[in-house]
1. Which FRET efficiency value, to the nearest 0.05, do you get for R22 and A141 by plugging their Cβ-Cβ distance into 1/(1 + (r/R0)^6) with R0 = 30 Å?
2. With r as the distance between the Cβ atoms of A91 and D9 and R0 = 25 Å, compute the FRET efficiency 1/(1 + (r/R0)^6) and round to 0.05.
3. Take the Cβ-Cβ distance between A47 and R72 as r, set R0 to 35 Å, and report the resulting FRET efficiency rounded to the nearest 0.05.
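Read-outs throughout are calculated quantities, based only on the coordinates presented, and are distinct from any laboratory measurement. Quantities reported herein were computed from a predicted structural model and do not represent experimental measurements. Heads up, the Cβs are rebuilt from the backbone with ideal geometry, glycines too, and the neighbour counts pull from every protein chain shown.
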Amino acid sequence: MTLRPPPDDAYPYLRAASAGIRHHTRAQKHTDPAPPAGRPHLDVLHAHLTTVHQLLDHLAETTRPGHPAAGRRLAAAHTRLWQAAAELHDAFHLLPSHTAADDTEARTCRPERLPEGPPVLTICQRHLAAGHSIRRKTTPADHRQPRTTSCTR
């Protein structure tokens, strides 16, 4: 099997998404004073992370048969990205809601009933779906493993 280098315009959607996030980060840094994170902001970031989470899951599955070590690293990245998405989800629920009269009601994720609506409904549904995926493919011990790298200087 001969691997050809990807053309310069390979993966244009990933490049565009990365450029959009870079632009957003620069715009946030140059706003004086910089606005604090809000629920809609964290909802969009959570959507990005869970989408990359799905992509890493697919890449790990397709890479592992031919390159087991690389597949394991992609699977580890998949797990770490899930942890980042979980932290964003938790931070989302700790921020005040502008619609809830009793703010403690909006701070908890209750999968047994529908939340107050967007963006809570979407972030909780997305988070539960990603959680289902990660629980099928990992163990609690996978979440506690120390991060290592193969890079040397």
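1. 0.30
2. Plugging the Cβ-Cβ distance into 1/(1 + (r/R0)^6) gives 0.10.
3. So, using R0 = 35 Å, E works out to roughly 0.85.
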